[in-house]
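Novice: The structure that follows is given in the form of structure tokens.
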Amino acid sequence: LLTQKLKNEQQLQLSYSRRVNRPRGWDTNPFLDVSDPINYRQGNVNLMPEDVHAFELSYSRFFKNFSLVSTAYYRQTNDVIQRIRYELEGGINLTIPQNLTSAKNSGIELIGKLDLSKKWNMTTNFNLYQRKIEGVAEFGTSDVDGVAYNANMTHNITLPYAITLQLRADYR
């Protein structure tokens, strides 16, 4: 993590991080779940953890009651876990998590925080990104490439008697 403070309450930051996303318990459960008569699920005991490498370049600007953070990023996930659906006889689907080769995400994220009063603040987030997933012929998957975005807004309000209220809206 490298940070450079600039004039007028501005900051530039460059970072690299690596993390491991381990499979969830259900993802490795080898027993067949037939609780839904047409959609079976089964875990994969050979599932490997995802290996995530993330690079980010951020610019921050701080004002008295408002802050803005803009970030450009690139994330590569190796051994990405995806649920693969197989069609069995009789119209039954079987879903099994598998490791694909990699997924690459790149995009921009904007975050703004506004203090409306001492007891009320609002945070807004907008994320525009491109996602590329490499398919694996063995699992019958092909490469996928697409652009997506999401946004959310969160209001935090402090009420009397130390009660806090949080309102959140998401859009994908």
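The values are calculated or read from the model by the stated rules, or taken from the named source; none is laboratory data. This structure is a prediction, so every number in the text was calculated from the model and none was measured. Cβ atoms come from the backbone with ideal geometry, glycine included; neighbour counts cover every protein chain shown. Accessible surface is based on the protein model in full, side chains and every heavy atom, while ligands, DNA and RNA are left aside. Shrake-Rupley method; radii C 1.70, N 1.55, O 1.52, S 1.80 Å.
Novice: Strands (runs of 3 or more DSSP E) wholly in the stretch 68-172 with at least 3 residues that are under 25 Å from residue 54 (Cα atoms) and out of contact with any Pro (no Cβ under 8 Å at 6 or more places or on another chain) - which ones? First the steps, then the outcome.
Specialist: Values: elements: 81-87, 93-99, 102-117, 120-133, 144-159, 163-171.
Ranges flagged: 102-117, 120-133, 144-159.
Novice: Right, another one. Quick check: is even one residue across the stretch 84-103 touching an Asp or Glu at 6+ places or on another chain (Cβ under 9 Å) and among the charged types (D, E, K, R)?
Specialist: No: the stretch 84-103 contains no residue that is touching an Asp or Glu at 6+ places or on another chain (Cβ under 9 Å) and among the charged types (D, E, K, R).
Novice: Which is surrounded by 15 or more Cβ atoms within 10 Å (Cβ to Cβ) and of a type outside the set (Lys, Arg), of 93, 125?
Specialist: On inspection, the qualifying residue turns out to be 125.
Novice: Further, regarding this structure: Before we move on, is residue 157 within 22 Å of residue 81 (Cα to Cα), surrounded by 14 or more Cβ atoms within 10 Å (Cβ to Cβ) and either touching a Lys or Arg at 6+ places or on another chain (Cβ under 9 Å) or at pLDDT below 90 (or both)?
Specialist: No: the conditions fail for residue 157.
Novice: Further question on the same structure: Before we move on, is residue 141 surrounded by 15 or more Cβ atoms within 10 Å (Cβ to Cβ), free of Cβ contacts under 8 Å to residues at least 60 places away in the same chain and more than 21 Å from the chain's Cα centre (by Cα)?
Specialist: yes
Novice: Something else about it: Read through the list (1) in contact with a Leu (Cβ under 7 Å, 6 or more places away or on another chain); (2) under 21 Å from residue 24 (Cβ atoms); (3) among the polar types (S, T, N, Q), then give the number of the only condition that residue 121 fails.
Specialist: With (1) in contact with a Leu (Cβ under 7 Å, 6 or more places away or on another chain); (2) under 21 Å from residue 24 (Cβ atoms); (3) among the polar types (S, T, N, Q) applied to residue 121, the lone miss is (2).
Novice: Evaluate the following for residue 21: is it more than 25 Å from residue 88 (Cβ to Cβ), surrounded by fewer than 15 Cβ atoms within 10 Å (Cβ to Cβ) and of a type outside the set (Phe, Trp, Tyr)?
Specialist: yes
Novice: If a residue must be touching a helix residue (DSSP H, G or I) at 6+ places or on another chain (Cβ under 9 Å) and open to solvent by less than 70 Å² (accessible area, probe 1.4 Å), how many such residues does the stretch 43-85 contain?
Specialist: The number of residues fulfilling the criteria is 6.
Novice: Which one of the conditions (1) surrounded by 14 or more Cβ atoms within 10 Å (Cβ to Cβ); (2) out of contact with any Lys or Arg (no Cβ under 6 Å at 6 or more places or on another chain) does residue 105 fail to meet, given that it meets all the rest?
Specialist: (2)
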